[in-house]
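Below is one structure; the comments refer to it alone.
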C-alpha cells in the first residue's frame, strides 16, 4: 500500500566515472612531452647535423630550408642544438625536482606528524626559507658550488625546496586532521598503521601533480641560472646557455633567442597542462 | 542608549589589529635573524679562506696588515659562537661591511641601488594586478569561448620565463620597431619593457588563482541573493565577486614581490638597468661575500615588510580574520 | 506596497545541456495573493526551488521556462528582458534564500547589504538609505539596529542572521515575498520565532510563498499547499484539507515520515524473552559526572559540559537532545575518547574507558585500542569519514581488518554487512562520492557494525538527510538494534527524531543535563521549563 518515498535509495543508476580521451589541450601537451622524451633519448633521429659543428661560412643564417631555426654566430644549426638540448633540460628538470622532493618530503612529513614541537619549528623554518626568493636562494647555492650541470641541478632543487616543503607540510596537516583519520582511530587501528596505510598515501597522491608541473618550472629556473652564466657553459647545447649566447646578438639575429626560449615555454606549458589534467582526473574520482 | 556599546565594539575591533601587527613585527624580526644566521654560515662555508672572502675573493692579494686587521675585526681567530655574535652585533649596528668589488660600504651600495629595483618591482606588481583583474572580470564565466580564450591566455602568460620574454620584447619593440629604448635611460619609456617582462608572467599566475576563486565566488548563494535584490551583472561581479576572488591573490602578493626581486636579477641584466638584482649578480660572480650577504638581507627585509603590508590589506578586504586572530 | 498578486499557470521548466533536454518541473499552477501564504512542499529533487527561482527569472543557466500564464499584477513576466527582470527583483518580489550564513555576503555588513538593495533601485540618498536599513532591522525584531547594521553575518547568531536576510528582502516593501527553507538549520526555539516573524509579514498584507520540506512549518504558516514530487504536482489545496485528509499516496507517505509521529514500536514478546534471560539489564556504558571547560577567546573559559551522568543498557537507546552549543557533541566526543574531561569518568562494559585529567588512574589510547571494536561511531557527514581513495568494499574491508577478521573471510562478511543495511552488493565497487546521502549513511552504518559492537555512538546521523530517507535510516537503526542487541547513544537536535528512536532521553542546555528519564514520560509530562519550551516550540 505504501509507495517508496525515495526511489533514489536503490534504483539509482550506476554513475560510473566516464572513461574518455583527454581534452585537446592535454593531448597535444602529452604528445609534445613524448616527442621531447624521444628526442632526449635518440637525438640523432630528429637532429639534422652535429650540434657542436662549427661552420663560420654559415653564420647567422635566418630560418629557412636546411636550417629550420637558422644558425648561430659560429654557423651551428640551432634546430639540432635545440634537439640535443632537450635531454639536458629534461635531466635538469627531473633532477632538480628530485632534489627538491628529497629535501621537502622528509621535512614536510616530520613537521606534519612529529608532534606539536616539530610542527611549530618546521613550520617556522619553512616560512623563513620561503622568504628567500627562489632565484636568490639558487643563486647563492650556485655561487658556492661553481659551474656545471650537477651544481645547477642541486642549486635549482634547493631553491625550489621550501615551496614544496610548505605544500607537503600543509597537505600532511590537513590529511592528519581529516575526518577519515579520526574514523580510522575509532576503528582501533594503531597509529603506525594509520600513518602507513592512510596518511602517507593521501599526502603523496597530489605529489604526482606537483612533480609534473614542477619539472617545467625547474627547467625555467635552471635555464635562468644558465642564462646568468652559472651552470652549463658554452658552447654546450643547453637551452638557457643558448639564450645567454643569443642575447649578445638579439639586435641582429632574433632566432638565436626565440627558438630555444620557445622550447622552454612549450615544455613548461605542457607540464602545466598535463599536471592540471592529472589533477582533474584525481578529483573527478574522489574528494 | 547604545552609544557606549558602539564604542566598545570599536575598541574590540581595533585591539586584535594592534596585537596582530605586534606579532607580525616580532615574527618578521625572527625571519631577519634567521636570514642573518643563514648568511653567516654561508660566509663561513665559502670554499677557501674566510679572510679572502671578505677581502677580495679568491684573486685578491691583501697585504699582511690588512689580513691581520680583518682577523681582529671579524674575530676569525676566536671560536665560532663568538664570531657569530660579532656578526649579529655588526648587523644590529647597521654595519654591513665593505664591498671590495664596488670599493665602498655595502650599505652605501644598497642605498644607491635599491630605488630602481623597488620602482621596477612595485610597478610590475601593480601592472600584474591590473592585467589579471581585467582578464578575469572580462572573461571569467562569460560564455564558453570567451572564458576559454581568457584562461588559455593566462596559462600561456604564466608559462613565459621572464628573461626570455624580456629578450623577445627587446628584439621586437626595441630593436625591431624602435618604440622603446633598448637600455634603461631612467625615464618612463625605459621602464615599460622591463616592467612588462616581469609583470606579464606574474599576471598570468595571479589571474589563474583569481579566476578560480572568482568562479567559486560566483557560485555562492550570496551572489544569487544579490541578484535577487535586483543587482545587475556588473555590480554583482565588481562589488561581491571580485572582493572574494582577490583574497588568494592578495595573500600570494608578498611571495610575488619577493620572487619579483629575485627575477629582477635577470631583467636588470637584460635591460642593463641599475638595481639590486644586477649588483647581486655581479657580487655573486666575483664572490664578493659582504655585498652578497647585504643584498640578501635587504631582500628578506623587503619580503618581511611586504608580508606585513599584505596581511593588513587582507584584513581590510576580509574583516572576518580580525575576529579570528585573537 | 502595492497589492498585486502573482499568478502562475502551467509553469514548466526544462534544462538544456547540449542537445539533451531534461524536464525538471511540469505544469505547476498557483496564485500568491496579498495577505495569503502558499507553500511548495517536497524533498530534494522535487523541483520546488527551481519553480520558485523561475518566478524571478533566475532558474539557472540553460533553463527553459514556459507557462500559459506568469504574471505579477497586470504585468506579464514571460517576455521580460534582463533589465526588466532586475526592476521586478527586490522591488516587487523579494526573495529569502536558505541558510543566511552564506546567503549574506560574509565580507560585508548587513547594513551594507540592505542599503545595496535600496540603491539598486535608486531609492533615496545615502543618509535616508542608512536610516531605512536601521528601521528595517528593527522591524524584523533585531535589537540595537545601529550596532547590528555594522556587523557581518558571521558575527550574528543564527536567528538574528535569518532576520537580517529577511530584512534585505523586505527593503523595498515588495508585494510578494518568497522564502526558501526559511527555518532549516535553526534551533527549534529560534524556528518558532522566525515562523512568528513570517506570520507577521503575512498579516501586514504581503503575499508569501514558502518553499519547504517541513510539513510542520507549512501547517503553521500556509493557507494553501502544493505538494511536489519529481517535478510534478501530486496534490494541491487548502492546508487544512491536504494535511488532515491527504488524498495522494506520496503526501500520506511524507506525513508518515515526519519524525516523532510514531513513538518507538518495540516487539514486546522478544523484549520479554530477553529480559527473562538476563534478569538485570547489563550496563554497557556508564558515564559519571563529566565536566569539561574549553578555553574561550582572550583568557575566558566556557563550561561546555557540567556534571553530566547517564548510563546505557545493552540493546537500548539513550537520546541526547539539545540546541546548538548545548554540549551534546562534546559529550559524544568524550565518550569516544577524543576529548579528555576535566572531571568524571566513563566505564565501558565494566572496564575504565575514559578518565579525567585530574586525580585517579589514567586511561591511555593504547589501553582503549583493543576494545575500540566494541564501540563504534556514525557521523553526521559520512563522506568526510571515508578515505577518498577507497571504494565502499575497501572501506568495509579496512574496518574488518581492524576487527581482526582474516582476509579470506572478508568478502562474505562484506556481502553480509551490505545486506544488513539493505544495500545491493554492487555498491562495494563504487566510490562513496558517487552515492546518495542515504546510501552513504548506510555504508557508514555497515562500517560501524563491522566488528559487532556493543555500543554505537550516533552524532546527528540523520540531520543531513531528506525526511523520507531519514525515516528509512531510523527504521534501519531500530531493526538492527532488535536483531543485534546494540546500544545506541543517539545525539540529535531534532525532538521528533529523538522521540522516535530513544528509550530514554536526556535534555541538555548550556552543558547541563536539565532533564532525564523515559522518553514517553519526558515528552508527555516535561518537568523542566527548558524542556517545556523546547516541546512548545516544536508543537
Q) So for chain C: antiparallel DSSP bridges make up what percent, rounded to the nearest 5? A) 55
**Q.** Viscosity 1.306 mPa s, 10 °C: Kirkwood-radius Stokes-Einstein D of the protein assembly as shown over Cα pairs, µm²/s
**A.** 46
Q) If one takes the longest principal axis of the Cα atoms in chain A, at what angle in degrees, from 0 to 90 and to the nearest 10, does the Cα axis of helix A:134-145 lie? A) 60
Q) Nearest 10 degrees, 0 to 90: what angle lies between the long axis of helix A:207-227 and the longest principal axis of chain A (Cα atoms)? A) 30
Q. Three principal axis extents, largest first, for the C-alpha atoms of the range C:1-147, in Å?
A. 51, 33, 29
Q | Cβ neighbours within 10 Å from other chains - mean over C:39-46 | A | 1
Q) Calculated from DSSP H runs of 4 or more alone, at -39500 (n - 2.57) each and per residue, what is the 222 nm mean residue ellipticity of chain A, nearest 500? A) -22500 deg cm²/dmol
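Listing A:204, A:245 from the residue with the fewest other Cβ atoms within 10 Å to the one with the most, what is the order?
Sorted ascending by nearby Cβ count, the order is A:204, A:245.
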Q) Computed FRET efficiency, Cβ-Cβ of residue B:82 and residue B:119, R0 56 Å: what is it to the nearest 0.05? A) 0.85
Q. Over the protein assembly as shown, what is the percentage of antiparallel beta bridges among all DSSP beta bridges, to the nearest 5?
A. 60
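Which of rounded, prolate, oblate describes chain B, given a ≥ b ≥ c as roots of the alpha-carbon gyration tensor eigenvalues and a/c under 1.5 marking rounded, otherwise prolate only if a/b is larger than b/c? Intermediate values should be presented prior to the final figure.
Values: a/c = 3.13, a/b = 1.50, b/c = 2.09.
Note, shape of chain B comes out oblate.
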(Q) Quick check on chain B: helices-only [θ] at 222 nm, where DSSP H runs of length 4 and up contribute -39,500 (n - 2.57) each and the sum goes over total residues. Nearest 500, please. (A) -25500 deg cm²/dmol
(Q) On C-alpha positions alone, give me the angle between the axis of helix A:149-176 and the longest principal axis of chain A, in degrees, nearest 10. (A) 20
Q.
Order C:221-229, A:186-194 from most to least packed using the mean count of other Cβ atoms within 10 Å.
A. C:221-229, A:186-194
Q) So what's the gap between the Cα centers of the range C:67-81 and the range C:327-358, to the nearest angstrom? A) 62
Q: Would you calculate a helix-derived [θ] at 222 nm for chain C, using -39,500 (n - 2.57) for each DSSP H run of n ≥ 4 and dividing by the full residue count, to the nearest 500?
A: -10500 deg cm²/dmol
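What's the average, rounded to a whole number, of partner chain beta-carbon atoms within 10 Å of each residue's beta-carbon in B:228-239? All intermediate terms of the calculation are to be shown ahead of the outcome.
Numbers: counts 16, 18, 19, 8, 4, 2, 0, 4, 0, 0, 0, 4.
The per-residue average across the peptide is 6.
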Q | Euclidean distance between Cα centres, the range C:471-539 to the range C:213-238, Å | A | 27
**Q.** Distance between the range C:154-200 and the range B:205-226 - C-alpha centres, whole angstrom
**A.** 26
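Where a number appears in this text, it was derived from the coordinates with a stated rule and is not lab data. Source: prediction; values computed, not measured. Here Cβ is always computed from backbone atoms with ideal geometry, including for glycine, and neighbour counts include all displayed protein chains.
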